[in-house]
Structures are given as C-alpha cells and as structure tokens.
Amino acid sequence: MNAPRLVEVAPERLDGWVERFSTAHGEVFRSCDRGTSPSSWELAAADGSWARLTGWQEAEDPSWPRPPVLLVVLVRRGGYAVALVSEAGELVAHKVGTRHVQSRTAAGGWSQQRYARRRGNQADALVEAVAGHGARVLEEGETRLGRRAAGLVLGGDRSLAGQTLDMLAAGNLRRVLEVPRRELWDLPDPRRAVLDDAVRSGRAVRVEVRNA
C-alpha cells in the first residue's frame, strides 16, 4: 500500500472529489467520528484504498463537512487581518492593516531594557488595535448576515494571537473562545493576499489519502 498523501479540497468541490475517488477505487463506505474536534470522516473503498477527511461540522448538516460562518484573526509583528467569512467563503466584513513591532535587539544593559519596554508597548498597542478591529468586523459582519460566527481561524504569531483573543473575550466576546477553531501559524505578515489564502485554507477540507 502506498504512503498517504495530504490534500486540501474546497468544500464546494468535495462532492466531486469523492465521486472521482469512488470511480477510481470502487464503491465507497462512509463513516463519521463526531466526537473529535475538528470532526473527521472516513471513506473506505472497495479496493482497500481509504481517505480520512477533517473539516468543519455544520450544525444544520452534521453528516458531512461544511464550513460555518467563520471569524478569521491573523496577527504578526508586521501587520494583521481580521474578517468575517460567510458559509460560501465571501468576505462579509474585513480589515487589513500594518503595524510595526520592533524586533529583538542583542544590545545589553539599559539599551536592551529600553528596547524591550518599547517593543512591549508596541506589541500591546498592536493587540489592542487588532482586538478593536476584530470586534467591529464581527459585529458588522454578523449584522449583515443575520447569523453568528460558529468557527474561528487563527493564525500568525501564537502569542500575539492568543493575547488578541483574550482581549476580545474580556470585551464581552467570550463566545469566540468557545467555537471550534483551525490554527494557521506558518503565515507571512498578513496582507490581503495572505488573508485570501488563509480563508481558502481555513475553509478547506483536509484529506489524507492512501491508495491500495
């Protein structure tokens, strides 16, 4: 049996992907493990091939991976992007911006302490700004859609992203900590193109395939 390979499939193309998998490998039997987060589905084909699908479990259709309304929060030292994304992948509301947080310095003594304080202040200001934009984008987007975000895509710098979520929660948005999430840490400084890529990857169904 061949080694497994990993692919990302857009939710809108998943039915076609499964149909092609079945055509290539014979009748497919499907099972779902709803006790995991994110949820997973397994496809076992007649020739012994199999595929494991990992994705969002939409409450209205729990039998198959479908993305819900998503809040996307990306933050790094060089910038940020926040967005509310519809089930169909539309950016209902978003904000992309740049913000400078000074890099670490190798200098010692008072100089190092001064740079550390300045860097800390810049990071605090960045987190506060992103949390503010995130709260506004969430409110505006949910109002337009008439539905709440039911999933979170978080990416960039782990520490800054975590602090941003904590600040959102402290601002009466604790529910953003309680929805399922997908994490994308290996990202460059967020720009519009990076946001678009993160939305595609965040919505995608991750498929591990092993051919017989």
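Key figures for this structure:
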{"item": "Under Karplus coefficients 6.51, -1.76 and 1.60, residue-wise ³J(HN,Hα) of the stretch 135-144 in Hz, glycine/proline x", "result": "5, 5, 4, 4, 5, 5, x, 5, 5, 5"}
{"item": "Cα centroid separation, the stretch 166-184 to the stretch 1-16 (Å)", "result": "29"}
{"item": "Amide hydrogen neighbours beyond the local backbone of Arg181, cut-off 5 Å, H modeled", "result": "Leu152"}
{"item": "Phi-based couplings in Hz for the stretch 198-203 (Karplus 6.51, -1.76, 1.60; Gly and Pro marked x)", "result": "5, 5, 4, 5, x, 7"}
{"item": "Förster radius 41 Å - calculated FRET efficiency between Asp47 and Ala193 (Cβ-Cβ, nearest 0.05)", "result": "0.55"}
{"item": "For Ser39, residues with placed amide H under 5 Å, excluding near neighbours", "result": "Gly55, Gln57"}
{"item": "Rounded to the nearest 10 Å², the accessible area of Asp186 at probe 1.4 Å", "result": "150"}
{"item": "Solvent-accessible area of Asp124 with every protein chain in place, 1.4 Å probe, in Å² to the nearest 10", "result": "90"}
{"item": "Portion, in percent, of the accessible area of the stretch 144-212 that falls on carbon or sulfur, probe 1.4 Å", "result": "45"}
{"item": "Residue-wise HN-Hα coupling along the stretch 15-31, computed from phi with Karplus coefficients 6.51, -1.76, 1.60 (Hz; x: Gly, Pro)", "result": "4, x, 5, 5, 4, 5, 4, 5, 4, 7, 10, x, 3, 10, 9, 10, 9"}
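The values are calculated or read from the model by the stated rules, or taken from the named source; none is laboratory data. Not measured: the values here are computed from a predicted model. With ideal geometry, Cβ positions are generated from the backbone for all residues, glycine too; neighbour counts draw on all protein chains shown. Protein only, heavy atoms only, side chains kept; ligands, DNA and RNA dropped before computing areas. Shrake-Rupley method; radii C 1.70, N 1.55, O 1.52, S 1.80 Å.
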